[in-house]
Every structure is written in structure tokens, then in C-alpha cells.
Amino acid sequence: MRQQWRAGIIMVATVVALAVAGGPAYAAGSFIGQFHTITTIRSTVPANGDLNPYGTVVVPRSVGRLHQGDVLVSNFNNSANLQGTGTTIVEISPSGSRHLFAQIDAAHLPGACPGGVGLTTALAVLRSGWVIVGSLPTKDGTAATAKAGCLIVLTSTGNVVETFSGDGINGPWDMTALDRGDSAVLFVTNVLNGTVAASPNVVHRGTVLRIILRVPDYGIPYRLSTTVIGSGFPERTDPAALVIGPTGVGFDDGTLYVADSLDNRIAALHNAWYRDDSAGTGDTVSSGGLLNDPLGLAIAPDDHILTVNGNDGNLVETTPHGAQIAHRLLDSSGSPPGAGALFGLAVRPGGTGVYFVDDADNTLKLLH
């Protein structure tokens, strides 16, 4: 959990439809405007004491130990609160029951994962039951010991069977997946390209990868191709946040939206599915205004873009045309309120709410 406020680069908003002051505010047609209650579902802390919930994804189908509608949450810190050392994924039901889905042992990985295990916001689950999670590991919780990590593939019963490393994977920070049954497309942000060597300076080397997997009926998934479709995003180490760079991603109608944290904007990488080159840092959808270090990102059923801020406790709703039409304070703890509390979020099935993890008290919550 971040212990201090991060000052990002202040930019002029593309379109701002609301005033920040005065509590929740919603414009006509807002998705989150229909929700008025925040409910704590359950603590995300497993028996080993892992802290700092990051990744958040809803299980699409019951298979193995996965139950449709449950939420998987990955933990980034261990019980000593050292970043980049968390090894667990918990599964939490909508009614609040929790069990340990997986505890990953760095000493018994089936493939390369430079540095070991420190589970990030990069978390996905396929209908076939495969779970994929990112690792950006450290030895002691500091950026000086951060290593490239990998993507870790688990079965529907929580057993690790494979890792994907190298070929552009360097500090996988967040991820979204397109499930096509016999194949899957992963869009992964990476934040360690030159950041440790340049610490604490900003480098413009953050990337977005498109990784295409073959998902056979029998046998484990395997990587078919990796393409850099976004590059040049600002990134740097940070004593409170470990690393800051491109974070949340969401795919909609051919466009991949990226939470560009340091530049305080939402970027759009067009033709993300088919492009064979980098779109650079993409086009700016919206910047500044209600955005305040956007981290987690999800796409609402009405195609609006939902982001949570790292520098305050707000959820912000932005249209694909750049209008920031709603915001809601999800966490008011700390100083300033909500700073460093929010990372992963996911829309509840049926569009009836938004799940989010709260690092301030290590819980899964629901806005509904």
C-alpha cells in the first residue's frame, strides 16, 4: 500500500463534465450514477498473511475449484508488507466466503520467472479455467531489487503449470484478456524497461504487449506470438509505490484503453487486435480533470471507461469521447483521502455493480 501522495504530471483535461468538489456527481447517462452503496464483501488476507490486494477478476464459468461469479484477487505484498513478495490468489464469493485458490512457490515454478514471485494487478481467468497472473518480484520490497518477472499459468484447481517470460515481458503490471475459446489474447502493460537503472528518474520506455495464446482442448496453453503495440509510456521507481507506469487496460470495439499513470491520462491504442507495430503512447482520450494518477481500469457495459485514482480515492467514469461524466469517492482514509488505496476493479456480471479492492484495509468491496 502506498504510504504517501504521489504527484503526477498535471495536464489539461480534454473534457471535464463535472466539478471535483461536492462529493459524488453524475451526468445523464452515467453507469456508476445508479449505484449508491458500498458494501465490504470480505477481507482479502489469506492464512499466510499476504497483504495489498491488486488484481481483481470475476470468474466467468464454473470449472475445477473456480465458481462462476466469484472474484479472484491477487496479493502483491507478504505478511511483512514488503512489495513484490506476495504469492497468493484468493477466491471470494459474492456472499463473502473466501478460500485460498493458490499459493505459488517461487522455488518450484515449471519455467523461468526472473526474480521469483510477487503477484501484480495482471490477473485473468479464461472460460476453460486457466488462470494467468503477472509477477513483478523483489527480494526485499524495494525497487532496487525488482526483476523482470513473468506471467504464471495455473489450472482451475490452482496448480502452476507454466510460465511465460522474456520476449518483452519485463515487469508485467496489469492485463486484460480476450477469450476466444481455442485461443486467447492477452494485453499486458510492462513497467521495468530501464526504470531500475534510471532510478528515480522518469524514463519513457513503458510498453503494452499483445500476447496471443493457443488454448488446446488437451494440454496447456502456449504462446504463439508477442507484439509490442504500445511503447514510450513514462515510468519510474517510487519509494512508496515501488514503480509507477502504464497500468490498467481495457479492450472495447477494437481499441485498447490504457491508464497512463504518470501522464495522468487515458490513452487509446487503436486497432489493438490486428496491428503489427507500436502505436507509441496512443491517442489521448482524456487527461487531467477528475483523473489523478489513474491505475485500475475496466470497461462498463455502456462502453464507458472506469478508472480508479492512485492519488485519491475516486472512481472516475469517462466516455470513449473523453467526457468525464461521473466520479465517486470509494475510500476516504489516509491523507490525502484514499491515496494509494485503489488498484484492481471489475464490473459485476449483469452490470449490477463494480467490485474493487481496497488496499487501505485489505478488503474486496462492491459499489452497487
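The values are calculated or read from the model by the stated rules, or taken from the named source; none is laboratory data. All figures in this text were calculated on a predicted structure; none of them were measured in a lab. Here the Cβ is made from the backbone with ideal geometry for all residues, glycine too, and neighbour counts use every protein chain on show.
For this structure, a couple of remarks:
- Unmet criterion (only one of (1) of a type in the set (D, E, K, R); (2) under 24 Å from Gly219 (Cβ atoms); (3) under 18 Å from the mean Cα position of the chain (by Cα)) for Arg61: (3)
- The one condition from (1) in contact with a helix residue (DSSP H, G or I) (Cβ under 6 Å, 6 or more places away or on another chain); (2) loosely packed, with under 15 Cβ neighbours inside 10 Å that Gly116 does not meet is (2).
- Residues that are among the small types (Gly, Ala, Ser) and in contact with a His (Cβ under 8 Å, 6 or more places away or on another chain), drawn from the range 276-313: Ala279, Gly282
- Some residue of the range 222-230 being buried (at least 22 other Cβ atoms within 10 Å of the Cβ) and either under 19 Å from the mean Cα position of the chain (by Cα) or among the hydrophobic types (A, V, I, L, M, F, W, C) (or both): yes
- The listed residue being modelled with pLDDT under 95 and under 23 Å from Thr363 (Cα atoms), out of Gly338, Gly248: Gly338
- Residue in the range 331-345 that is nearest to Ser286 (Cα to Cα), counting only those that are touching a strand residue (DSSP E or B) at 6+ places or on another chain (Cβ under 9 Å) and surrounded by fewer than 22 Cβ atoms within 10 Å (Cβ to Cβ): Pro337
Listed here are the residues, each with its yes/no results for (1) over 20 Å from Val347 (Cα atoms); (2) within 16 Å of the chain's Cα centre (by Cα).
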{"position": "Leu290", "(1), (2)": "yes, no"}
{"position": "Asp293", "(1), (2)": "yes, yes"}
{"position": "Gly296", "(1), (2)": "no, yes"}
{"position": "Ile299", "(1), (2)": "no, yes"}
{"position": "Asp302", "(1), (2)": "no, no"}
{"position": "Leu330", "(1), (2)": "no, no"}
{"position": "Gly334", "(1), (2)": "yes, no"}
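- If only residues of the range 349-365 that are in a helix (DSSP H, G or I) and either among the small types (Gly, Ala, Ser) or at pLDDT below 95 (or both) are counted, the one that is farthest from His36 (Cα to Cα) is Gly350.
- Only a single criterion out of (1) out of contact with any helix residue (DSSP H, G or I) (no Cβ under 9 Å at 6 or more places or on another chain); (2) within 25 Å of Ile38 (Cβ to Cβ) is not satisfied by Leu315, namely (1).
- Against the numbered list (1) touching a residue at least 40 places away in the same chain (Cβ under 8 Å); (2) in contact with a His (Cβ under 9 Å, 6 or more places away or on another chain), Trp273 comes up short only at (2).
- Wholly within the range 109-198, strands (runs of 3 or more DSSP E) carrying at least 2 residues that are under 18 Å from Pro246 (Cα atoms): 119-125, 131-135, 150-154, 172-179, 183-190
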